[in-house]
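Undergrad: Before I ask anything, let me first share the structure, which is written out below as structure tokens.
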Amino acid sequence: MTASVTPGQRIWRRVLIVAGIAILGIGGLTFLMDVKPAAYVGLLIWFVAALIVHDGIIGPVIFGIAVIMRKLNRSMSIVVVAIVQVALVIAAIMAAIVLPAAYKKQAGSANPTILPLEYLPNLGAFYVALAIVTTAVVATYLVVSSRRAKRRSPVDQD
């Protein structure tokens, strides 16, 4: 079944495609003007590693957790699964940001003031806070959706 596309949608699609190509062009031009050719190999390695981490680890793990959540409780709302997935993505982003700094601090540096924080304990505290916020958001969603369902259902007139 194909959905009909309005003329306005076609126009917006074209505008967004042209804007995307223009942004890519500006990014490429900025890259060529601002990055020294000696750094190209390092950046290529970084992009390949990021692709492997994202598509090979983070994506499948988050998808797998969503599948497991749905299998364990078939009546679970897709919104709850989405909230948990967002929290997992945030956790993965924080790990990608913090773990290299924690590793470098552990390895040592000639200047100890470059990485002054306790990165792993702070990451753990962040994860605890993220779990609390995620639980609160899921609970709030469940309460609100339950109240809405009660308002919609007909009241027994016995």
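The values are calculated or read from the model by the stated rules, or taken from the named source; none is laboratory data. These figures come from a predicted structure and were not determined experimentally. Every residue, glycine among them, receives a Cβ derived from its backbone with ideal geometry; neighbour counts consider all protein chains shown.
Residues checked against (1) among the hydroxyl-bearing types (Ser, Thr, Tyr); (2) touching a Phe, Trp or Tyr at 6+ places or on another chain (Cβ under 7 Å):
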position	(1), (2)
Val98	no, yes
Lys105	no, yes
Leu115	no, no
Val128	no, no
Ala131	no, no
Thr135	yes, no
Ala139	no, no
Val143	no, no
Arg148	no, no
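Undergrad: Which of (1) surrounded by 10 or more Cβ atoms within 10 Å (Cβ to Cβ); (2) farther than 28 Å from Ala50 by Cβ does Arg152 not meet, given it meets every other one?
TA: (1) is the only condition that Arg152 fails.
Undergrad: Given (1) exposed (fewer than 10 other Cβ atoms within 10 Å of the Cβ); (2) within 20 Å of the chain's Cα centre (by Cα); (3) of a type in the set (Val, Ile, Thr), where does Val86 come up short, assuming only one miss?
TA: For Val86, the exception is condition (1).
Undergrad: Test of understanding: among Ala125, Ala136, Ala129, Ala82, which residue is within 24 Å of Gly56 (Cα to Cα), in the same structural domain as His54 (by TED's automatic domain parsing) and at pLDDT 90 or above?
TA: Working: Ala125 fails: within 24 Å of Gly56 (Cα to Cα); Ala136 fails: within 24 Å of Gly56 (Cα to Cα); Ala129 fails: within 24 Å of Gly56 (Cα to Cα).
Exactly one residue qualifies, and that residue is Ala82.
Undergrad: Scan the stretch 142-154 and give yes if some residue there is on the phi < 0 side of the Ramachandran plot and touching a residue at least 60 places away in the same chain (Cβ under 8 Å), otherwise no.
TA: Within the stretch 142-154, one or more residues are on the phi < 0 side of the Ramachandran plot and touching a residue at least 60 places away in the same chain (Cβ under 8 Å).
Undergrad: Out of the stretch 1-25, which residues are exposed (fewer than 10 other Cβ atoms within 10 Å of the Cβ) and of a type outside the set (A, V, I, L, M)?
TA: Hits for the stretch 1-25 are Thr2, Ser4, Thr6, Pro7, Gly8.
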